[in-house]
Amino acid sequence: MKCIRLIKSDLKRLCDTPNMKSFFRWYFFPQSSTFPHDVWFRILQACKKNVFTKYTVGLYAYLRERHFALKYGVHINSNISVGEGLLIVHGGGVYLNTSSIGNNFTCFQSVTLGKNKNGIPLVEDNVTVYPGAVVVGKIILHNGCSVGANSYVDKDVENNATVYGSPAKKIK
């Protein structure tokens, strides 16, 4: 049931009333969203936690998730925990390899959150990463922060801060 709650929270980020009608609308006609990928990513994560479904439904979920990952150009490491309200806008070159992602994470196209020699980033709640941003290393994107377009972030970003540039600096 946690899987359904997570899918509903993802859908709530796209529309005001997350019901079956809006689910089918956003699944079959996603309009600049990767919602179908997010649905199968959530199902795949739920299947990995259960030994029976891991090898039955999990295989089908894996194949569907990979199909949508290739279609939308999105890669999310399936071993990380992703909180409620995931929103990937536009897809296309999105690579998310973090230790975990908090609630209400918003990500635009051509974003990389990845590893360098020091480790991988941690994303807390209500974080937004704009197009073309690169976030690498063992850093923390704290609650409510924003990373500007085409920024390179290799240091922690404090609560409710906005960073921009290469290397990223806080905007006053």
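Looking at (1) touching a residue at least 12 places away in the same chain (Cβ under 8 Å); (2) closer than 22 Å to N126 by Cα, which one does A61 not meet, given that it meets all the others?
It is condition (2) that A61 fails.
Can you find even one residue in segment 60-78 that is open to solvent by 40 Å² or more (accessible area, probe 1.4 Å), of a type outside the set (A, V, I, L, M, F, W, C), in a loop (DSSP other than H, G, I, E, B) and within 20 Å of I4 (Cβ to Cβ)?
Taking every residue of segment 60-78 in turn, none turns out to be open to solvent by 40 Å² or more (accessible area, probe 1.4 Å), of a type outside the set (A, V, I, L, M, F, W, C), in a loop (DSSP other than H, G, I, E, B) and within 20 Å of I4 (Cβ to Cβ).
With (1) assigned to a helix (DSSP H, G or I); (2) surrounded by fewer than 11 Cβ atoms within 10 Å (Cβ to Cβ) as the list, and T17 as the residue in question, which single condition is left unmet?
Only one criterion in (1) assigned to a helix (DSSP H, G or I); (2) surrounded by fewer than 11 Cβ atoms within 10 Å (Cβ to Cβ) is unmet by T17, namely (1).
Anything in segment 79-91 that is buried (at least 19 other Cβ atoms within 10 Å of the Cβ) and part of a loop (DSSP other than H, G, I, E, B)? List them, or say none.
Of everything in segment 79-91, those that are buried (at least 19 other Cβ atoms within 10 Å of the Cβ) and part of a loop (DSSP other than H, G, I, E, B) turn out to be G85, L86, G91.
Across segment 3-27, what is the number of residues that are closer than 14 Å to L86 by Cβ and not acidic (D, E)? Steps first, answer last, please.
Restricting attention to segment 3-27, the residues satisfying the condition of being closer than 14 Å to L86 by Cβ are 3, 5-14, 18, 26.
Imposing the further condition that a residue be not acidic (D, E) reduces the set to 3, 5-9, 11-14, 18, 26.
The total comes to 12.
Can you tell me which condition I120 does not meet? The list is (1) under 10 Å from the mean Cα position of the chain (by Cα); (2) modelled with pLDDT under 95, and all the others hold.
(1)
Only strands (runs of 3 or more DSSP E) wholly contained in segment 92-172 count here; list those with 3 or more residues that are more than 16 Å from V82 (Cα to Cα) and open to solvent by 30 Å² or more (accessible area, probe 1.4 Å). Outline the logic, then answer.
Working: elements: 94-96, 112-114, 134-136, 162-164.
Result: empty, no element qualifies.
The values are calculated or read from the model by the stated rules, or taken from the named source; none is laboratory data. Everything numeric here is computed off the predicted structure, so don't read it as measured data. Glycine gets a Cβ as well: all are built from the backbone with ideal geometry, and neighbour counts include every protein chain shown. For the accessible areas, the whole protein counts, side chains as well, though only heavy atoms, and no ligand, DNA or RNA atoms are used. Shrake-Rupley method; radii C 1.70, N 1.55, O 1.52, S 1.80 Å.
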